[in-house]
1. Just want to confirm a number: the relative contact order over the stretch 9-441, from Cα pairs under 8 angstrom separated by 6+ residues, in percent.
2. Note down the magnitude of the dipole of the stretch 17-126 about its Cα centre, charges +1 on Lys and Arg C-beta and -1 on Asp and Glu C-beta and zero elsewhere, to the nearest 20 debye.
3. Considering only protein heavy atoms, what is the solvent-accessible area of SER10 at a probe of 1.4 Å, reported in Å² to the nearest 10?
4. Which ³J(HN,Hα) values, rounded to whole Hz and listed in residue order, are derived for the stretch 270-275 from phi using the Karplus coefficients 6.51, -1.76 and 1.60 in 6.51 cos²θ - 1.76 cosθ + 1.60 with θ = phi - 60°, glycine and proline given as x?
5. For the ranges 28-41, 309-322, what's the packing order if you count other beta-carbon atoms within 10 Å of each residue, average per peptide, and put the highest first?
6. What chymotrypsin sites (Phe, Trp or Tyr not before Pro) in the stretch 88-191 are in a loop by DSSP, with at most 16 other Cβ atoms within 10 Å of the Cβ?
7. Taking H placed 1.01 Å from N in the peptide plane, check which residues at least 5 places from LYS415 or on another chain put their amide H under 5 Å from its amide H.
8. Would you mind telling me the share, in percent, of accessible area of the chain contributed by carbon and sulfur at probe 1.4 angstrom?
Amino acid sequence: MANGFSFRRSDFADDFLFGVATSAYQIEGASFGGAGPSHWDTFAATPGNTKNAEDGAVACDHYHRYETDLDLIAGANLDTYRFSTSWARVMPDGRTVNPEGLDFYDRLTDAMLERGIKPMLTLHHWDMPAALADEGGWRNRAITDHFATFAGHVIDRIGDRMFASGTFNEPWCIGWLSHFLGQHAPGLRDIRATARAMHHVLVAHGKAVDVLRAAGQDNVGIYLNFEPAEPANGDDGDAEAALTYHAIYNEWFLGALFKKRYPRRALAGLEPHLPEGWRDDMELIARPIDWLGINNYTRKLVARAADAPWPSLEEVPGPLPKTDMGWEISPESFAWLLSWIAESHTGDLPLIVSENGMANPDTLADGRVDDAARIAYLQAHIDAMKGVIEEGVPIKGYTVWSLLDNYEWALGYGKRFGIVHVDYDTLERTPKASWHALRDALARR
Ligand code: PNW
């Protein structure tokens, strides 16, 4: 396997942006700087919810080490850093502002600019103040106004220096993964809660877009995650199941944002549970945005599960090589996805690949981490993306998940996604082979 990339920066347009992505709860250390408890702290405190009951209390201690981390970004010749602001750090009880929290993001922003790094903001990457979660979280429509208020505080403080401002990371995870599959906070398995969460997060997005526009933001977007779904077998039942999976996962949010409607196959199960008057929200949800962020790691094989309640489907293991997450590696599906999004929903709207990468059991030996598998994964996906760009799809940037090994949510610290290794005893950072390879590729013209 390769220990370098074959691509070079000059394979892409001069203004194409390469970067890395992280999120607040996964790296900062939630116990520092006057942050309030988030629903991830309370979720992790219940045994069985996360591996070894691990939480983000310390994580990578990025709160104190952000300058070192930004040096690593600049040192790899990267152009942009996709980071998130912690709602529970900025508003510890969900209602009062913690000045220390805003001060941190102000320092972080200036430190990016000093290093020539373009700040790409995610307002919310899952750490909701526990006080608001206790009031029903995404099930309660009142959350949409709380979120708009939070968005206003952040933008008033750092909006003037953002290159791009996105509202949400992965509404599917906030809705389906957290309220139907029960894998993320608040850990519910409830179709009614799911429908409401999947709608309210979009309403909150629309309200936040209005707040951002009123504050003068002109590069506003949202980050959605996608998984192309294919039938496990050739029979009609599996084909139906794959289409339903596709509707829930890939079309629900895109449909609302770009067509002011939800896909029929997903509505079949969710409509009875949506809040009354939901159709009246579609204008607000579909406020024009300036770009779409696309997160993708894998595809899914889907089979019909006749005995299960709606949506009567199950994921089945596929034949392709897998990452340490058990996720199949499929650059072909990634290429299909990028074309499909543009052709079916976004047209000429600029797209950013805002997460792509792999977990690998990277071990540190003699001060080196040889993550050749990650280099191969990234090269294959960058090649696939390049092919799609050549077909005319307007992809403007690519940010690798992730800068650092970090807190992988319910899977704790066991899954390593970083191009930089983190020793969780000493918190020492060691650039992996992929970091060195990226630095070299981005210097080549
Ligand atoms: C994304 N799934 O999460 C998140 O944006 C990151 O915070 C995370 O670390 C990264 O991908 C790697 O997992 C996902 O179960 C988590 O389908 C789970 C799923 C999808 C995305």
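1. Reported as a whole number, the value is 17 percent.
2. That gives the stretch 17-126 a dipole magnitude of about 280 debye.
3. 60 Å²
4. Using θ = phi - 60°, the values come out as 9, 4, x, 10, 6, x Hz.
5. Ranked from most to least packed, the peptides come out as 28-41, 309-322.
6. Counting only loop positions with at most 16 other Cβ atoms within 10 Å, none of the chymotrypsin sites (Phe, Trp or Tyr not before Pro) in the stretch 88-191 qualifies.
7. GLU408
8. 48 percent
The values are calculated or read from the model by the stated rules, or taken from the named source; none is laboratory data. Quick caveat, the model's predicted, so the values are computed rather than measured. With ideal geometry, Cβ positions are generated from the backbone for all residues, glycine too; neighbour counts draw on all protein chains shown. Protein only, heavy atoms only, side chains kept; ligands, DNA and RNA dropped before computing areas. Shrake-Rupley method; radii C 1.70, N 1.55, O 1.52, S 1.80 Å.
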